[in-house]
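The values are calculated or read from the model by the stated rules, or taken from the named source; none is laboratory data. What you are looking at is a predicted structure, and each value in this text was computed from that prediction instead of being measured. All Cβ positions, even for glycine, are placed from backbone atoms using ideal geometry, and neighbour counts span all protein chains on display.
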Amino acid sequence: MGRSIRWRNWGAAGWLAILLLAGSLQAQQPPAPPTPEPLPPATATADDRTIYVPFKDLSQTFGQADAKLVIPYGEYKRLLDQARAAQSGRTGPDAVLTESSFSIQADETVAKVAATLKVEVLNDGARLPLRFGEAAIGAVVAPEGVLLRGTGPGAYELFFPKAGSQIIKLDLAARVHQSPAGREVLLSCPAVAVTKLEVTVPQADQTIDVEPQVVAVPVKGMDGVTRLQANVGATEKIAIRWHAASSQAPSMNLLASVVNQTLVTIADGQVHTHAWLTYDVLRGELNQLRIALPASMRLLDVNSETRIRNWKSQTDGDNQIVTIELLNPATKQLKLELDGETKLEDGPFQLGGLTKAGKALGIQPLDAVRVSGQLAVRHGEDLSLQISGQQGLVRIDASEASPQVAGSNALLFKFYTADFALQITAAPVQPRLSVVQQNQIIVREEELEFTDTLRYLVERAGVFELNIRLPENVKIDDVTSPQMKSFNVQAGLLTVLLRERTQGEILVAIKGRLALPKASGEDLSLPIPKPEGVDRDTGAVLVFARESVEVQTPAAAVQSAQPLPISQRGRIGDAVLASAWTFTRQPVVIPIRLLKKPARLTATVATTIDVQPEVAHIKSQVSFLVELSPLNTFRIDVPEAISSQLQIEPAAGDAASSPIRQKIASDPVNGRVVWTITTQRDVIGTQRFALSWDARSPVAAGGKADAAAVAKYSVELPRPLGLVDDAGAVTIPLSNLQGEVALQKDKTLSVNAAASGSLEQIDSRELTLLPKTAAVAWRYFRDDAEHPAKLDIEARRFEIQNVVSTIVSRGLVEIVTSRDPQATYRCQFHVQTAERQRLLVALPNHLEVLGVFINDRELKLEKADVKLPSGMDLFSPFWLNIARTESSDVPLLLTFQFLWNIQPPLGDSRFGSGDMVLPLPVIDAAGNGVVQELKVVVWVPQAYTLVGNPKPFEMATLPGACEVLCGRRPDRNTEHLSGWVKNGLTGPSAVSQFPTEGRQPFVYTTLGQAPQIEVRWWNKLGMAVLFSLAAAIIGWILISTTFENKIGVLLLFAFLAALYGLYDSASLYQAMTAARFGLVLIVALWIVHWLLKRPAIPASPAPPPPPVEPAPVAPVVPPQSESDSESAN
């Protein structure tokens, strides 16, 4: 204790030194600036929106346009929104430019433009944007107040202060661009409905071109200039070009070569020729061209990069000569394109250049010293070409062809002279058709319905229609195809018209029907359409029929078809696959013969018997399965006793069953009544009927039944029957019957049932027609007059038994004790109770409540005026309000925390040992509560320990022998117990914590309820001194005994301790823990005593002296000492 006080003094001195040092350092630093107090938030007032301006500066502030004004952002946003709203409300422009005129005076480098604009201003303050591109504005003449400002490169804006008609005059200057073809001026202008243009260029006899193209009117001007006036449409750019009307270069003899790239396309009944002519001028200049064409060719167009003055065509014998005059002579190279076409004639025709006789076979240039080039011939996909002759041509690959003529589906040739010819024969490509059919035929009552799906594959060329030959007497209902436009049937021929020429896959679906012969058993050929004009026709025929119809096929009459094996029975509605055929050619003949099968009838009966205290409710569902042929009449046999109250209705929720049209009961025969039920329509499949009636016991009917009376019921089951004719002969027998019976009962009844007839008792899990929740179940396969299915039932009431209203599945009581009498309790119970309002609990007398909770909701205890059972003198009854909205099956977590005084308290004993009686809360103290598992944790100071297993509790953790000898403490972790008792429930968050510091827990557990726990405590120090001294005294007494004696005594004590451990292992552990110091002392004393009393080892003997004959003496025997005897032992 003194050492701990000294350490505390040193620690206090150290902290004081650190604080003084920190204060001195802080004093050396400059003082921190004072923290400004936060200003109160500004409140907007009317004065914040007032702007003060000196009176002398008033005119400067409001009289200048560039003056600046500061206003609040909210006011600025409001004004901006008003301006936008005013601007968005306008529906038309502010100003319209109605007319413009441009007078352009050009010289060698600059063009002067005088522009006059007429503007209709619709609103005051209107703005009109203008754009003149690269032209520069030199002067502006406008009415007063009209302003012009620049807004960007080449962009301007006119401002009109007032509305009205305005005329604006502008002086512009634009640059004159020069090129080998002449000069030009580019002018950007506003788009106006009326634009007048007047152009004056230097030099006479100049050709002036204006873009966009206009109708120009040349105007006679002064000598040395050329003038032009024109009206231009609405445009934003005007291009003016001028050049000399004729060339002034000296003429030379022409010498030129031509490369002719000719592409001939044969398609759509025309031969289209496109020629690219490239002239290379070797000498002189080229002013005029002559091209030879066949006389039958129609020239479509002539194009050239060099401007063409005009061209004309004249017929010269079998040729057509085209003369082309150029605007400017060509001196180096000239490219020319010509398009022409001729009608495609039947038979062979020729393509090429010029024959030796001078006849033109294609587009060929004249007056050229050398002609070479390439010829490409293409054709449409619906044509096939055949070359019958060629002259002066060489076949080449696509890689050698020029880009103009290269392409797919082209015949490529090369030539080096104009004298070449190619003879070709073009013929239309005939389509090739193949078809695969999938014909599904369904046999109905009066007709055959078929759906034939034809998958055409059209190759080589497309088709516009498909023709299909139909069998005799076939009626077509519908024809569908994605490519179909319409269809028509005439004289047994189905024609399907397509939207366009179609090539590739065509899918056609034909739906039709064929009437059946009236007499059963006659042969009938299956309706198989035959496509016409096809090269290959294959397919399959699938015949579907109801099971009531047998389809027979005479094998000898089948033509061009082979049967297919049926691996899986396909189904279309109620029809199943009866036969399948395949064919590879037409015509196909498959005769069939139809035979009707009689109906087949089976039934199932599912009966549920619900036994109640005074009546038995019986519900039976009779299900008929009609196969092969439809029926509309059904018969059910029931006992005569229930016939008057029997209710027969269609099964609820079964839309497949037909409604009932009529129910007729026959006269009783042998105590049975046959009900004949007629449905509104014929039934093929399942027809269900729901039968219900009540059976009453004679005891219940008398009205004097008591609790011990036995109610008896005799239940005969409904019996489905086959059909009979008027004479009573069976026409359609019931081929199979299966029935199940399920017995259900009220929870207050005990039922015994005896089955007779063919009823066989089964497990309820074997039921297939009824739910598997029955108390007893039966099954039967026969019910007739010889073996009737019958149940005799006896029912009696159970005696009323008391039930447990409250179950405490888990309980945890934690008690913290100390040397003073006051103990702290925290009790948690996992409870499931049937009580809905309040629950009776018993708590110790004179307690101080700290808190009571249900889950996380705090409650108040209410004193109960209830007498508790005997033996609970330490308890007081209380009511606990447990009203809740949840179901009674939802568990609760009850939490109690209180203080209670222990008498006598811990440590109040002269001998270092005593007992503590700790009462435990009792849930549902009225006696109907059950506790399944209860755990009690007792916390005691470290100087004390709890000994033994207080009945009926047992200590949860017991240490081993090694822990006892080594002095190790057992694991006493109790953190998991809180989660164990809550088991997923929410506990209170306001529970105060336990003062468990410096204490050790002891956990006890028991099964069942216990009103209190009585524990024995020991003072560790006193008991250790007592048991260690006792062990030391016993060891000291045995120290002088023999080793065998010591071992025997130890074994005897160990045997006695083991026997006591079987009775109270916890007390044995505490006793051994207290005596461990004495046991160690005993072992140490015995080891020391053994080491000190061990005999000395004698030295090696000296050699014997020579023998001397001794004198005879009388023998003397000395007495044996105690140490010698001990060493001998």
Screening V377, V322 for residues that are in the same structural domain as E285 (by TED's automatic domain parsing), in a strand (DSSP E or B) and under 29 Å from H243 (Cα atoms) leaves only V322
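Yes or no: N467 polar (S, T, N, Q) and touching a residue at least 40 places away in the same chain (Cβ under 8 Å)? If you could, list the steps in order and put the result at the bottom.
Working: polar (S, T, N, Q): yes; touching a residue at least 40 places away in the same chain (Cβ under 8 Å): yes.
Here the answer is yes, as N467 does meet what is asked.
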Across the range 583-599, the tally of residues that are within 49 Å of the chain's Cα centre (by Cα) and buried (at least 16 other Cβ atoms within 10 Å of the Cβ) stands at 1
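Of everything in the range 205-254, what is among the small types (G, A, S), modelled with pLDDT under 70 and part of a loop (DSSP other than H, G, I, E, B)? Give them in sequence order. Walk me through it before giving the result.
At the first step, the residues of the range 205-254 found to be among the small types (G, A, S) are 216, 221, 224, 230, 233-234, 239, 244-247, 249, 251.
Pick out the ones that are also modelled with pLDDT under 70 and you get 216, 221, 245-247, 249, 251.
If the condition is that a residue be among the small types (G, A, S), modelled with pLDDT under 70 and part of a loop (DSSP other than H, G, I, E, B), then G221, A245, S246, S247, A249, S251 are the ones that fit.
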Given P565, P527, which one is surrounded by fewer than 21 Cβ atoms within 10 Å (Cβ to Cβ) and in the same structural domain as F583 (by TED's automatic domain parsing)? P565
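Against the condition exposed (fewer than 12 other Cβ atoms within 10 Å of the Cβ) and either in contact with a strand residue (DSSP E or B) (Cβ under 9 Å, 6 or more places away or on another chain) or part of a strand (DSSP E or B) (or both), how does D171 come out, does it pass? Walk me through how you get there before you give the answer.
Values: exposed (fewer than 12 other Cβ atoms within 10 Å of the Cβ): no; either in contact with a strand residue (DSSP E or B) (Cβ under 9 Å, 6 or more places away or on another chain) or part of a strand (DSSP E or B) (or both): yes.
Criteria not met by D171.
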Determine if the range 646-659 includes at least one residue that is of a type in the set (V, I, T), out of contact with any helix residue (DSSP H, G or I) (no Cβ under 7 Å at 6 or more places or on another chain), closer than 30 Å to A742 by Cα and free of Cβ contacts under 8 Å to residues at least 60 places away in the same chain. yes
Can you pull out the residues in the range 496-538 that are under 21 Å from K475 (Cβ atoms), under 49 Å from the mean Cα position of the chain (by Cα) and in a strand (DSSP E or B)? V496, L497, V508, A509, I510, K511, G512, R513, P531
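If only one of G407, G380 is under 21 Å from Q270 (Cβ atoms), surrounded by 13 or more Cβ atoms within 10 Å (Cβ to Cβ) and out of contact with any strand residue (DSSP E or B) (no Cβ under 6 Å at 6 or more places or on another chain), which one is it? Break it down into steps so the answer makes sense when it comes.
On the way: G380 fails: out of contact with any strand residue (DSSP E or B) (no Cβ under 6 Å at 6 or more places or on another chain).
From the options G407, G380, the qualifying one is G407.
Quick one: which residue in A368, A357, A292 is assigned to a loop (DSSP other than H, G, I, E, B) and either surrounded by 15 or more Cβ atoms within 10 Å (Cβ to Cβ) or in contact with a helix residue (DSSP H, G or I) (Cβ under 7 Å, 6 or more places away or on another chain) (or both)? Walk me through it before giving the result.
Values: A357 fails: either surrounded by 15 or more Cβ atoms within 10 Å (Cβ to Cβ) or in contact with a helix residue (DSSP H, G or I) (Cβ under 7 Å, 6 or more places away or on another chain) (or both); A292 fails: assigned to a loop (DSSP other than H, G, I, E, B).
Answer to the check: A368.
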Considering the range 147-161 alone, what residues qualify as being more than 13 Å from R127 (Cβ to Cβ) and in a loop (DSSP other than H, G, I, E, B)? P153, G154
Across the range 735-778, which residue is nearest to Q612 (Cα to Cα) among those that are surrounded by fewer than 18 Cβ atoms within 10 Å (Cβ to Cβ) and among the basic types (K, R)? K747
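Condition (residue is farther than 24 Å from Q270 by Cβ, assigned to a strand (DSSP E or B) and basic (K, R)) applied to the range 437-449: is it met by at least one residue?
Step one: list which residues in the range 437-449 are farther than 24 Å from Q270 by Cβ, which gives 437-449.
Keeping just the survivors that are assigned to a strand (DSSP E or B) gives 437-443, 447-449.
Next, only the ones that are basic (K, R) stay: none.
No: the range 437-449 contains no residue that is farther than 24 Å from Q270 by Cβ, assigned to a strand (DSSP E or B) and basic (K, R).
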Residues of the range 766-780 classified as farther than 24 Å from S750 by Cβ and aromatic (F, W, Y), total: 1
Return the residue satisfying two criteria in turn: it lies in the range 175-204 and is in a loop (DSSP other than H, G, I, E, B) and not hydrophobic (A, V, I, L, M, F, W, C), and of such residues it is nearest to the chain's Cα centre (by Cα). P190
Of the criteria (1) more than 30 Å from T502 (Cβ to Cβ); (2) surrounded by 14 or more Cβ atoms within 10 Å (Cβ to Cβ), which one L385 fails: (1)
Selection from the range 409-432 of residues that are within 23 Å of K343 (Cα to Cα), within 59 Å of the chain's Cα centre (by Cα) and in a loop (DSSP other than H, G, I, E, B): N409, V429, Q430
If you scan the range 809-866, which residues turn out to be basic (K, R), farther than 21 Å from K935 by Cα and part of a strand (DSSP E or B)? R838, R857, K863
Return the pairs, sorted by first residue and then second, in which the second residue is among the polar types (S, T, N, Q) and assigned to a loop (DSSP other than H, G, I, E, B), the first residue lies in the range 872-888 and is closer than 19 Å to L861 by Cβ and in contact (Cβ under 8 Å) with a residue 40 or more places away in the chain, the beta carbons are less than 9 Å apart, and the residues are 6+ apart or on different chains. L874/N845; F875/N845; N881/Q837; I882/Q837; A883/Q837
Across (1) in contact with a Lys or Arg (Cβ under 7 Å, 6 or more places away or on another chain); (2) within 21 Å of V259 (Cβ to Cβ); (3) buried (at least 16 other Cβ atoms within 10 Å of the Cβ), L327 clears everything bar (2)
When (1) under 27 Å from T226 (Cβ atoms); (2) not in a strand (DSSP E or B) are applied to E144, the one that fails is (1)
Quick check on the range 66-109: of everything there that is under 19 Å from R127 (Cβ atoms) and at pLDDT 80 or above, which residue is surrounded by the most Cβ atoms within 10 Å (Cβ to Cβ)? S100
